[in-house]
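Notes for the one structure printed next.
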(Lines give C-alpha, C1' and ligand atoms only; values in the text may rest on other atoms or scores of the structure.)
Protein backbone atom coordinates (compact mmCIF):
# COMPACT_ATOMS: atom_id res chain seq x y z
CA UNK A 1 0.00 0.00 0.00
CA UNK A 2 2.85 2.39 0.76
CA UNK A 3 4.45 1.91 -2.62
CA UNK A 4 1.03 2.39 -4.19
CA UNK A 5 0.88 5.78 -2.53
CA UNK A 6 4.21 6.86 -3.97
CA UNK A 7 3.43 5.43 -7.40
CA UNK A 8 0.10 7.26 -7.44
CA UNK A 9 1.77 10.57 -6.68
CA UNK A 10 4.39 10.16 -9.36
CA UNK A 11 1.95 9.19 -12.10
CA UNK A 12 -0.47 11.92 -11.11
CA UNK A 13 2.38 14.37 -11.53
CA UNK A 14 2.89 13.07 -15.05
CA UNK A 15 -0.81 13.49 -15.79
CA UNK A 16 -0.87 17.06 -14.60
CA UNK A 17 2.11 17.77 -16.82
CA UNK A 18 0.18 16.47 -19.81
CA UNK A 19 -2.86 18.57 -19.00
CA UNK A 20 -0.85 21.75 -18.46
CA UNK A 21 0.54 21.30 -21.96
CA UNK A 22 -2.93 20.53 -23.28
CA UNK A 23 -3.38 22.89 -26.29
CA UNK A 24 -0.25 21.66 -28.10
CA UNK A 25 -0.83 18.14 -26.84
CA UNK A 26 -4.40 18.02 -28.11
CA UNK A 27 -3.32 19.20 -31.52
CA UNK A 28 -0.45 16.71 -31.84
CA UNK A 29 -2.45 13.72 -30.63
CA UNK A 30 -5.57 14.36 -32.64
CA UNK A 31 -4.53 11.45 -34.88
CA UNK A 32 -4.34 9.15 -31.86
CA UNK A 33 -7.64 10.01 -30.23
CA UNK A 34 -9.32 12.15 -32.90
CA UNK A 35 -10.44 14.74 -30.37
CA UNK A 36 -13.72 16.38 -31.18
CA UNK A 37 -13.90 20.17 -30.89
CA UNK A 38 -15.80 19.72 -27.62
CA UNK A 39 -13.14 17.37 -26.23
CA UNK A 40 -10.30 19.66 -27.29
CA UNK A 41 -12.10 22.57 -25.59
CA UNK A 42 -12.47 20.51 -22.40
CA UNK A 43 -8.75 19.69 -22.36
CA UNK A 44 -7.88 23.34 -22.99
CA UNK A 45 -10.17 24.42 -20.15
CA UNK A 46 -8.45 21.95 -17.83
CA UNK A 47 -5.08 23.33 -18.91
CA UNK A 48 -6.11 26.92 -18.16
CA UNK A 49 -7.51 25.88 -14.79
CA UNK A 50 -4.37 24.03 -13.74
CA UNK A 51 -2.04 26.80 -14.88
CA UNK A 52 -4.05 29.29 -12.83
CA UNK A 53 -4.09 27.00 -9.78
CA UNK A 54 -1.15 28.15 -7.66
CA UNK A 55 -2.00 26.36 -4.42
CA UNK A 56 -4.49 24.05 -2.73
CA UNK A 57 -5.00 22.08 0.45
CA UNK A 58 -7.34 19.16 1.07
CA UNK A 59 -7.99 15.99 2.94
CA UNK A 60 -7.70 12.96 0.68
CA UNK A 61 -9.06 9.43 0.70
CA UNK A 62 -7.18 6.74 -1.24
CA UNK A 63 -8.92 3.46 -2.11
CA UNK A 64 -7.57 0.62 -4.25
CA UNK A 65 -9.34 -2.33 -5.84
CA UNK A 66 -6.85 -4.68 -4.12
CA UNK A 67 -8.26 -3.63 -0.73
CA UNK A 68 -5.80 -0.86 0.05
CA UNK A 69 -7.12 2.14 1.97
CA UNK A 70 -5.43 5.27 3.31
CA UNK A 71 -6.24 8.89 4.00
CA UNK A 72 -4.43 12.04 4.95
CA UNK A 73 -3.70 15.64 3.98
CA UNK A 74 -2.22 17.16 0.83
CA UNK A 75 -0.82 20.66 0.35
CA UNK A 76 0.48 21.95 -2.98
CA UNK A 77 2.12 25.29 -3.73
CA UNK A 78 3.49 26.01 -7.18
CA UNK A 79 6.24 26.26 -8.08
CA UNK A 80 8.09 23.41 -6.49
CA UNK A 81 6.37 22.57 -3.21
CA UNK A 82 4.15 19.69 -2.17
CA UNK A 83 3.32 17.75 1.00
CA UNK A 84 1.42 14.45 1.23
CA UNK A 85 1.02 13.23 4.81
CA UNK A 86 -0.79 9.95 5.43
CA UNK A 87 -2.78 9.38 8.61
CA UNK A 88 -1.83 6.51 10.96
CA UNK A 89 -1.40 3.62 10.57
CA UNK A 90 0.25 4.52 7.25
CA UNK A 91 3.59 6.03 8.36
CA UNK A 92 4.49 7.83 5.14
CA UNK A 93 5.30 11.50 4.54
CA UNK A 94 6.16 12.86 1.08
CA UNK A 95 7.53 16.40 0.73
CA UNK A 96 8.82 18.37 -2.24
CA UNK A 97 10.63 21.53 -1.12
CA UNK A 98 11.42 23.02 -4.51
CA UNK A 99 14.64 21.09 -5.07
CA UNK A 100 14.13 17.47 -4.05
CA UNK A 101 11.43 14.98 -3.20
CA UNK A 102 11.57 13.34 0.23
CA UNK A 103 9.90 9.96 0.84
CA UNK A 104 9.98 9.42 4.62
CA UNK A 105 8.95 6.42 6.72
CA UNK A 106 8.08 7.70 10.19
CA UNK A 107 8.23 4.28 11.85
CA UNK A 108 11.61 3.26 10.45
CA UNK A 109 12.95 6.85 10.44
CA UNK A 110 14.26 6.24 6.94
CA UNK A 111 14.38 8.90 4.23
CA UNK A 112 14.87 8.60 0.48
CA UNK A 113 15.58 11.59 -1.75
CA UNK A 114 14.98 12.10 -5.46
CA UNK A 115 15.91 15.28 -7.39
CA UNK A 116 12.55 16.89 -8.04
CA UNK A 117 13.30 17.59 -11.69
CA UNK A 118 13.95 13.86 -12.24
CA UNK A 119 10.45 12.84 -11.13
CA UNK A 120 7.06 13.29 -12.81
CA UNK A 121 6.12 15.39 -9.77
CA UNK A 122 8.14 18.17 -11.34
CA UNK A 123 5.26 18.61 -13.73
CA UNK A 124 2.81 18.99 -10.86
CA UNK A 125 4.70 21.82 -9.20
CA UNK A 126 6.88 23.19 -12.01
CA UNK A 127 6.87 26.85 -12.94
CA UNK A 128 7.50 26.49 -16.67
CA UNK A 129 5.62 23.47 -18.05
CA UNK A 130 6.65 22.27 -21.51
CA UNK A 131 5.54 19.33 -23.60
CA UNK A 132 8.06 16.52 -24.22
CA UNK A 133 5.61 14.31 -26.13
CA UNK A 134 5.96 11.29 -23.81
CA UNK A 135 2.25 11.14 -22.90
CA UNK A 136 -0.94 11.01 -24.88
CA UNK A 137 -4.58 11.67 -24.09
CA UNK A 138 -6.56 8.45 -24.54
CA UNK A 139 -10.02 9.53 -23.39
CA UNK A 140 -12.00 12.67 -22.65
CA UNK A 141 -15.44 12.16 -21.09
CA UNK A 142 -17.97 14.83 -20.12
CA UNK A 143 -20.91 13.53 -18.09
CA UNK A 144 -22.95 14.27 -14.98
CA UNK A 145 -21.28 17.64 -14.48
CA UNK A 146 -17.74 16.26 -14.59
CA UNK A 147 -14.85 16.22 -17.06
CA UNK A 148 -12.52 13.19 -17.03
CA UNK A 149 -9.23 13.17 -18.95
CA UNK A 150 -7.15 9.99 -19.23
CA UNK A 151 -3.50 9.76 -20.33
CA UNK A 152 -0.90 7.05 -20.78
CA UNK A 153 2.82 6.88 -21.48
CA UNK A 154 3.29 7.25 -25.23
CA UNK A 155 6.29 4.90 -25.29
CA UNK A 156 4.99 2.36 -22.76
CA UNK A 157 1.21 2.13 -22.86
CA UNK A 158 1.32 -1.09 -20.82
CA UNK A 159 2.60 0.86 -17.79
CA UNK A 160 -0.93 1.98 -16.92
CA UNK A 161 -3.27 4.93 -17.22
CA UNK A 162 -4.17 7.91 -15.08
CA UNK A 163 -7.49 9.76 -15.13
CA UNK A 164 -7.95 13.24 -13.69
CA UNK A 165 -11.53 14.20 -12.83
CA UNK A 166 -12.83 17.78 -12.59
CA UNK A 167 -16.18 19.24 -11.73
CA UNK A 168 -17.32 21.16 -14.80
CA UNK A 169 -19.24 24.19 -13.47
CA UNK A 170 -17.22 25.70 -11.98
CA UNK A 171 -14.14 23.71 -12.96
CA UNK A 172 -12.33 22.26 -9.94
CA UNK A 173 -10.11 19.26 -9.35
CA UNK A 174 -12.08 16.47 -7.62
CA UNK A 175 -10.10 13.23 -7.80
CA UNK A 176 -7.76 11.07 -9.84
CA UNK A 177 -7.59 7.38 -10.69
CA UNK A 178 -4.55 5.23 -11.45
CA UNK A 179 -4.88 1.95 -13.34
CA UNK A 180 -1.51 0.22 -13.05
CA UNK A 181 0.09 -2.48 -15.19
CA UNK A 182 -1.25 -5.19 -12.86
CA UNK A 183 -4.84 -4.02 -13.32
CA UNK A 184 -5.11 -2.49 -9.84
CA UNK A 185 -7.06 0.77 -9.80
CA UNK A 186 -6.29 3.33 -7.10
CA UNK A 187 -8.58 6.32 -6.64
CA UNK A 188 -7.59 9.42 -4.68
CA UNK A 189 -10.48 11.76 -3.82
CA UNK A 190 -10.00 15.30 -2.52
CA UNK A 191 -12.23 16.10 0.46
CA UNK A 192 -13.13 19.72 1.28
CA UNK A 193 -10.41 21.15 -0.99
CA UNK A 194 -9.45 24.82 -0.65
CA UNK A 195 -7.95 26.28 -3.81
CA UNK A 196 -5.76 29.37 -4.08
CA UNK A 197 -5.15 29.59 -0.33
CA UNK A 198 -1.96 30.86 1.35
CA UNK A 199 0.23 28.08 2.78
CA UNK A 200 2.89 28.50 5.44
CA UNK A 201 6.23 27.64 3.81
CA UNK A 202 7.32 25.83 6.98
CA UNK A 203 5.15 22.82 6.06
CA UNK A 204 7.55 22.08 3.20
CA UNK A 205 10.63 22.13 5.47
CA UNK A 206 11.86 18.66 6.40
CA UNK A 207 15.22 19.61 7.92
CA UNK A 208 14.17 18.67 11.48
CA UNK A 209 12.89 15.16 10.69
CA UNK A 210 14.64 12.38 12.58
CA UNK A 211 16.52 9.73 10.64
CA UNK A 212 18.49 6.76 11.88
CA UNK A 213 21.73 8.72 12.20
CA UNK A 214 20.33 12.01 13.52
CA UNK A 215 18.28 14.64 11.71
CA UNK A 216 18.05 15.55 8.05
CA UNK A 217 19.15 19.08 8.83
CA UNK A 218 22.38 17.72 10.35
CA UNK A 219 23.48 16.42 6.97
CA UNK A 220 21.54 13.22 6.54
CA UNK A 221 20.28 14.14 3.07
CA UNK A 222 22.21 12.37 0.34
Worksheet item: In the range 51-71, how many are free of Cβ contacts under 8 Å to residues at least 60 places away in the same chain and over 19 Å from residue 91 (Cβ atoms)?
Response: 1
Worksheet item: Do we have residue 202 as free of Cβ contacts under 8 Å to residues at least 24 places away in the same chain, exposed (fewer than 15 other Cβ atoms within 10 Å of the Cβ) and in a loop (DSSP other than H, G, I, E, B) here?
Response: no
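Test residue 147 against the criterion of being assigned to a strand (DSSP E or B), modelled with pLDDT under 85 and surrounded by 16 or more Cβ atoms within 10 Å (Cβ to Cβ), and give yes or no. Before the answer, list the steps.
Values: assigned to a strand (DSSP E or B): yes; modelled with pLDDT under 85: no; surrounded by 16 or more Cβ atoms within 10 Å (Cβ to Cβ): yes.
Considered against the rule, which asks whether it is assigned to a strand (DSSP E or B), modelled with pLDDT under 85 and surrounded by 16 or more Cβ atoms within 10 Å (Cβ to Cβ), residue 147 comes out as no.
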Practice prompt. Find the residue count for the range 43-65, including only residues that are part of a helix (DSSP H, G or I) and either modelled with pLDDT of 90 or more or surrounded by fewer than 18 Cβ atoms within 10 Å (Cβ to Cβ) (or both).
Written response: 5
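Does residue 101 meet the test of being at pLDDT 80 or above and outside any strand (DSSP E or B)? Walk me through it before giving the result.
Working: at pLDDT 80 or above: yes; outside any strand (DSSP E or B): no.
So residue 101 fails the test.
The values are calculated or read from the model by the stated rules, or taken from the named source; none is laboratory data. The model shown is predicted, which means the values in this text are computed figures rather than measured ones. For neighbour counting, all protein chains shown are included, and Cβ atoms are generated from backbone atoms with ideal geometry for every residue, glycine included.
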